[in-house]
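Here's the structure we're looking at; comments come further down.
FYI, it's all coordinate maths here, none of it is from the lab. Remember, predicted model here, so these are calculated numbers, not experimental data. Ideal geometry is used to build each Cβ from the backbone, glycine not excepted, and the neighbour counts take in all protein chains shown.
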Amino acid sequence: MHTVSQSADQENFLAADEWQINLYNLHRQSEESIFNMVDLERTKDKSQMELITNARFKPDHGTVFLYTTTSGNINVCDVRERSDFHKRPSVCFDAAVKNIGAKGSAFTKWTNSVSEARFVGDHQLVSRDYMTVKLWDIRTAPTSQGDPVTKSVYSAQVSDYMERNLTVLMEQDCLDDQFFVDVTPDGKHLATGGYNKSAHVIDINATSNTVVPCHFGAARDSPAGKLKIYNK
């Protein structure tokens with residue numbers, strides 16, 4: 001198990017591992033009260049290596065949750081529609097990078113993996129993959145029914161310097177590193193980590209992307225980082 005997320009009703013929570021997502025109720029402890037929401041083993045060939053990386057309830061909603069996968073999918077599920085999401089989610093967003101060239105395509109197994117996603121406000125969600133932070137509008141309709149949404153609101157580079165060093169990173173077993181993203185309580189900024197002891201703060205409109213060099217082990221009440229504009 002790598003993820004636990006509590007619903008807004010404070011009674012149910014999701015627990016996820018690489019293959020399954022189960023729904024639990026805090027007041028029911030029998031096995032009959034555990035509901036399997038997603039089971040990739042039922043529909044996927046294990047040789048395809050698509051794994052669940054994260055699962056999270058919508059903070060203000062008790063029936064909507066998302067989960068992300070190593071193949072670059074962000075799946076939004078609404079249990080009011082059904083309770084079985086093995087075959088397809090309510091809405092799927094495809095964050096996988098397309099047409100990155102022959103050299104880059106050798107690393108898509110790692111660069112396309114979405115390590116985390118979070119809801120932002122009522123109609124948006126943000127995702128983090130190896131090199132970018134992407135903002136998505138849940139209301140965006142796919143080009144045809146059943147197809148994933150492939151167009152994000154924007155994609156913000158947070159580690160463009162790593163693209164030219166992917167071979168070295170693979171040799172050092174760094175391509176499996178996981179990066180996460182969080183949203184400020186007011187929903188106006190996103191924060192995510194990077195290499196070189198740094199973090200990024202991105203405003204929700206993507207007008208600024210600020211890098212924060214972090215000094216770990218700094219004394220209490222002393223500056224632990226300095227803001228500077230990374231790009232605009």
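Observations on the model:
- Each Lys and Arg Cβ is given +1 and each Asp and Glu Cβ -1; about its Cα centre, the chain then shows a dipole of about 740 debye.
- Simple label model, 7 Å out from Cα along Cβ direction - R164 to Q145, nm: 4.9
- Built amide H within the under 5 Å cut-off of N36, gap 5+: L23
- Calculated FRET value between T184 and R220, using beta carbons and R₀ = 22 Å, to 0.05: 0.45
- Of the options (i) 56, 45, 26; (ii) 88, 44, 31; (iii) 51, 48, 34, only one is Cα extents along the principal axes in Å as computed from these coordinates, and that is (iii).
- Across the range 53-97, no residue has a backbone nitrogen under 15 Å from the label position 7 Å along the beta-carbon direction of I34.
- Per-peptide packing, taken as the mean over residues of other Cβ atoms within 10 Å, places 14-25, 114-125, 79-90 in the sequence 114-125, 14-25, 79-90 from highest down.
- Each peptide in 193-199, 36-42 receives the mean, over its residues, of other Cβ atoms within 10 Å, and ordering these scores from highest gives 36-42, 193-199.
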